[in-house]
Structures are given as C-alpha cells and as structure tokens.
1. Kindly list, by first and then second residue, each pair from a residue in the stretch 135-146 that is over 17 Å from residue 168 (Cβ atoms) to a residue that is within 10 Å of the ligand (Cβ to nearest atom) and part of a helix (DSSP H, G or I), limited to pairs with Cβ atoms under 7 Å and residues at least 6 apart or on different chains.
2. Condition (residue is part of a helix (DSSP H, G or I), modelled with pLDDT of 95 or more and near the ligand (Cβ under 9 Å from one of its atoms)) applied to the stretch 149-157: is it met by at least one residue?
3. Take the conditions surrounded by fewer than 20 Cβ atoms within 10 Å (Cβ to Cβ), over 18 Å from the mean Cα position of the chain (by Cα), within 16 Å of the ligand (Cβ to nearest atom) and under 21 Å from residue 157 (Cβ atoms) and apply them to residue 112. Does it pass?
4. Report whether or not residue 51 is within 14 Å of residue 121 (Cα to Cα) and near the ligand (Cβ under 10 Å from one of its atoms).
5. Check whether at least one residue in the stretch 13-30 is at pLDDT 95 or above, in contact with a helix residue (DSSP H, G or I) (Cβ under 8 Å, 6 or more places away or on another chain), closer than 19 Å to residue 79 by Cα and away from the ligand (no atom under 16 Å from the Cβ), and report yes or no.
6. For the stretch 178-209, which residues satisfy the criterion of being buried (at least 17 other Cβ atoms within 10 Å of the Cβ), part of a strand (DSSP E or B) and more than 16 Å from the ligand (Cβ to nearest atom)?
7. Scan the helices (runs of 4 or more DSSP H) fully inside the stretch 20-117 and keep the ones with 2 or more residues being over 16 Å from residue 134 (Cα atoms).
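The values are calculated or read from the model by the stated rules, or taken from the named source; none is laboratory data. This one's a predicted model, so the numbers in the text were calculated from it and none came from an experiment. Because the Cβ atoms are built from the backbone with ideal geometry, glycine has one as well, and the counts that use them run over all protein chains shown.
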Ligand SMILES: C[S@@+](CC[C@H](N)C(=O)[O-])C[C@H]1O[C@@H](n2cnc3c(N)ncnc32)[C@H](O)[C@@H]1O
C-alpha cells in the first residue's frame, strides 16, 4: 500500500496499540502500557500462539515476528461494542449512581460490522501478516472451536473478567505449554505475601466499569496452580514496599507478569 494512502487510513482509526507498520508509519496508540520485553516472553519460534483479547494485534504481530508458526488473535468486546453509545450510557449511570448492565454490550451496543477491528485489519494488511482473527468471548466459545495452543497470551484481560478463577481455568484448557498472564495486580503494604483478591466497585479502577478484580501475586500464582498449571515464573513482580510497623489497608496497583507452565 502506498505510504500516503496508508497514513490516511491509519488516521481514520482510534488505535489502542502503537504498531510499527514499516516505512516510518507507526500507529498512534492510546495505550501507555510498555510492550512486553524479550525476557517477559517465552520462546515462540515454531509455536502456535493464541492472543486472547488481542485488540489491534500488537502482541500477535510480535509473536509472528518472533517465528510463531500460527497465530490467532481472539477478541470480542472492543471489536464489536459501539463505544460512543456505551460511553453515553456509562455517563448516565455515573450521574445516577447506578451500575451499568454489562449485558447491553452484546445487545443494544453491539455492532455486528465490528468497527473496532479496523485497526487489526489494517495492520494485518500493511504488515502482510498471516495472523488469523477469531471473534468471540473466550469464556463462551468452546475449547474445540478455539483449539489448543503451545503459547497463550492473556495480557491485560484478567481484571476485566467477572469470574477470574473460571477465566484462568479456561486459559489452562487452551494451553499446551505455557500461558503468559499479564495483569493489573495489587500489593497491600503490611500484607505482602498474602493471597488477596480486591474487588473494584463500580468504576473505581481507572473510571472503567469493566474492571472488576485485582489479585496479589500470591493469589494469582495459587489460582494458576488450582486450575492445573504445574509451575509458574514471575517475570515482572511486585514493587518493593517499605516495611511499616503499622498495617495499612490501602492497596497499590502494579503490573504483574507470570509465565504458567503446563
Ligand atoms: C486492556 S485490553 C488489552 C489488549 C491487549 N491484550 C494488550 O495487552 O495490549 C483488554 C482486551 O481484552 C478483550 N476482552 C475482554 N474480555 C474478553 C473476553 N471475554 N473475550 C475476548 N476478549 C476479551 C477486550 O476486548 C480488549 O481487547
């Protein structure tokens, strides 16, 4: 595709990910999250990779670049929900002090033309990528229909799910070798080392009604073992918290990345 044409198309899309499309074109992603570094990713050469909640596909294209033999990006929510309508609804809920009905995302706000997939589709075309797109809520699509993959990327999705243990169980059922779980985790000064689950009421975390649970590292690791992963390695862990004589109950949020092995 000609550079001018590509740039014009890039500028029509609201991007989550900053993706280098080559020829000096980088998509203007809104995400501030640093992409995973080499030491934060498992080997992918010759592997099959499933990227759950892949959005614009940054991590899927990275997996392909790292030599994965097959990559599938599975997403649902951001691809199909009419965000402008949903945001208006959320604003009304905030004004009234009520919880939104999340089920409307798949009914009233659902746009079957998948406008939110435009970024993934354009990046795939520009990169000449073979990454496959699969539309669906990974909690609802049967394992037989998704398949089982050597490597499963589960990045930035766990805190969006209403049933975290069930979600990890589903991740386990889709994983042949290793799953990479990246999440917004918690540490509570004075309670380091404890297995804690923090429920975010309403839009408490980042003003997003779709954020539900933050886990401590211990809780995540224990839940991964509970659903059948044999071992885990934490590749980005909790910050060092100064010890205190007095227990405090305010939790801090940080980025946690764990590799879970089958
Ligand atoms: C915070 S974004 C993370 C995007 C990307 N994985 C990353 O790390 O940059 C969360 C993504 O998970 C997707 N998602 C949330 N719940 C999902 C579900 N049940 N099934 C499939 N995708 C889901 C959203 O649509 C969105 O693309």
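1. Within 7 Å, the pairs are 135/79.
2. Taking the stretch 149-157 and keeping what is part of a helix (DSSP H, G or I), we get none.
No, the conditions are met nowhere in the stretch 149-157.
3. Values: surrounded by fewer than 20 Cβ atoms within 10 Å (Cβ to Cβ): yes; over 18 Å from the mean Cα position of the chain (by Cα): yes; within 16 Å of the ligand (Cβ to nearest atom): yes; under 21 Å from residue 157 (Cβ atoms): no.
In short, no.
4. Details: within 14 Å of residue 121 (Cα to Cα): no; near the ligand (Cβ under 10 Å from one of its atoms): yes.
Answer is no for this residue.
5. Looking through the stretch 13-30, none of the residues is at pLDDT 95 or above, in contact with a helix residue (DSSP H, G or I) (Cβ under 8 Å, 6 or more places away or on another chain), closer than 19 Å to residue 79 by Cα and away from the ligand (no atom under 16 Å from the Cβ).
6. First, the residues of the stretch 178-209 that are buried (at least 17 other Cβ atoms within 10 Å of the Cβ): 178-188, 191, 196, 198, 200, 205, 209.
Narrowing the set further to residues that are part of a strand (DSSP E or B) leaves 178-187, 198.
Correct list: 178, 186, 187, 198.
7. Numbers: elements: 58-65, 77-80, 83-96.
It comes to 58-65, 83-96.
Residue-by-condition table, conditions (1) closer than 21 Å to residue 37 by Cα; (2) within 20 Å of the chain's Cα centre (by Cα):
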{"site": "69", "(1), (2)": "yes, no"}
{"site": "75", "(1), (2)": "no, yes"}
{"site": "80", "(1), (2)": "no, yes"}
{"site": "94", "(1), (2)": "no, no"}
{"site": "98", "(1), (2)": "no, no"}
{"site": "116", "(1), (2)": "no, yes"}
{"site": "136", "(1), (2)": "no, yes"}
{"site": "146", "(1), (2)": "no, yes"}
